[in-house]
Amino acid sequence: MENRNYPAIYRIMHWAIAICMLLLLLTIFLRLTWMNKDHVADIIQNYLSSTDQSLSREQLIVLAKQIRQPMWKWHIYLGYTLVGLYSIRIILSFFGQMKFPNPLNKQLPPKVKFQYWVYLVFYTGLSISLITGLIIELGPKSLKKITEEIHVLSIYYLIAFIIIHIGGVLLAEFTNQRGIISKIVSGISSAGLKENKKA
């Protein structure tokens, strides 16, 4: 069993990246559901119908996009924030802090190897998402369509990673690594806190 300590810098980066990614997912969820342009256009159309006014479908879509634009700007701001956090994460690994785990180490047990491969796939997928996001915002328009298609796929690996990550953490917490959740929050496991209280 791997018994890891989580120094302050690790915990700060972990939670900053996690919160940023969850907020990004929220903007995507809103864009696909309540703030979907067709849904917003339908709401506007229903209101206009009750006042004996009307707009063409194209005008309704344009208006719907303008209404949700401020919300979508948060997706872009959060994307830039995540680019900064990811860059810091990479830089820290070169200075001996938060080194990337090596899944090719033959001495590792299969379970730990799997964990390391999941993280490697996650960070690779995250880099692709960030690069394509930057190209969409700052790159040439000729690349926008293909990069948008790649960028949209990022939601699938991200949701899969979150499910695997939370599932793995809960499994560890309730089996052979009790206190892992409190360690990533405070740096001290709940088991360690109990021992300190007894002392």
Some residue of region 60-73 being surrounded by 13 or more Cβ atoms within 10 Å (Cβ to Cβ), under 23 Å from the mean Cα position of the chain (by Cα) and within 30 Å of Tyr123 (Cβ to Cβ): yes
Selection count, region 5-56, where residues are closer than 26 Å to Leu108 by Cα and touching a Phe, Trp or Tyr at 6+ places or on another chain (Cβ under 9 Å): 1
Residue among Leu108, Leu104, Leu126 that alone is surrounded by fewer than 16 Cβ atoms within 10 Å (Cβ to Cβ), among the hydrophobic types (A, V, I, L, M, F, W, C) and within 26 Å of Asn5 (Cα to Cα): Leu104
Some residue of region 129-139 being of a type in the set (S, T, N, Q), farther than 22 Å from Ile28 by Cα and free of Cβ contacts under 8 Å to residues at least 40 places away in the same chain: no
All positions within region 4-50 that are within 22 Å of Lys65 (Cβ to Cβ) and of a type in the set (Lys, Arg): Arg31, Lys37
Members of region 44-69 that are closer than 27 Å to Ile155 by Cβ and without any contact (Cβ under 8 Å) to a residue 12 or more places away in the chain: Val62, Gln66, Gln69
Residue count for region 114-171, restricted to those that are more than 18 Å from Leu82 (Cβ to Cβ) and either of a type in the set (S, T, N, Q) or not in a helix (DSSP H, G or I) (or both): 3
Selection within region 58-112 - outside the structural domain of Pro7 (by TED's automatic domain parsing) and β-branched (Val, Ile, Thr): Val112
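The values are calculated or read from the model by the stated rules, or taken from the named source; none is laboratory data. Predicted model, so just to flag it, every value in this text is computed and none were measured. Cβ atoms come from the backbone with ideal geometry, glycine included; neighbour counts cover every protein chain shown.
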